[in-house]
Amino acid sequence: MTSSPHRARILPLFVLLLGLSGYAGAAFALSDAPVRILSSYIESNPNCPEQISEWNQKNGKRAIAGEIPRDLYYRVLGYMDWGSCGRPYFKRIFIELQKVWTIYSKGLVSESEYSAKESELINLLFATLQAGEQGEAMVRRYEQNIAARLFRLEPERQYFNCTFFGDQPKCTD
């Protein structure tokens with residue numbers, strides 16, 4: 001798959017905002033950069049289906065403002081058909097984004113830990129777009145890496161409820 005001019009415009013913006021989010025997250029409230037980046041991608045991509053564009057237009061700003069929780073924003077986007085502006089494995093990344101929000105909202109990780117993990121996953125999402133056909137393999141490697149690390153935990157845990165924040169495993173339950 002070749003890189004579209006649209007992706008060429010959004011990726012530098014994504015890198016800039018994500019870099020700034022690390023600084024803002026440490027000094028101020030939780031950074032809204034990952035949600036802004038995703039919302040901006042949807043708004044500026046003419047290939048996104050009308051259903052996603054309309055839902056994002058109505059709720060993207062609400063998610064950015066904190067009026068709706070991020071896990072709801074990510075859950076709904078994960079269930080929608082992204083058509084040619086997304087990939088089949090997007091749902092798996094959105095499930096992981098929901099999980100990390102749940103862990104954060106339970107107070108099990110700090111804002112900086114959450115921000116780092118959310119940024120990692122948004123980076124993965126956009127990296128898979130850039131990688132074209134290799135994107136599926138990137139998501140599979142991410143999932144296999146997490147599952148292998150969780151498999152060795154004592155006591156054993158259900159891997160679908162847990163993930164790693166840096167070297168620390170955290171679970172929703």
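Each reported figure results from applying straightforward, stated rules to the coordinates on display, with no laboratory input. The structure presented is a predicted model; accordingly, all values stated were derived computationally and were not measured. For neighbour counting, all protein chains shown are included, and Cβ atoms are generated from backbone atoms with ideal geometry for every residue, glycine included.
Counting 0.36 nm for each residue step from Glu143 to Phe160 and taking away their Cα separation leaves a gain of 5.1 nm. Model label sites at Glu67 and Glu136, defined 7 Å from Cα along the beta-carbon direction, differ in position by 3.9 nm.
Relative protection proxy for 65-75, 136-146, from highest mean packing down: 65-75, 136-146 (other beta-carbon atoms within 10 angstrom).
Approximating the spin labels as points 7 Å out from Cα along Cα→Cβ, the Asp81-to-Ser110 distance works out to 4.5 nm.
Out of every Cα-Cα pair that segment 64-167 contains, those further apart than 22 angstrom amount to 31 percent.
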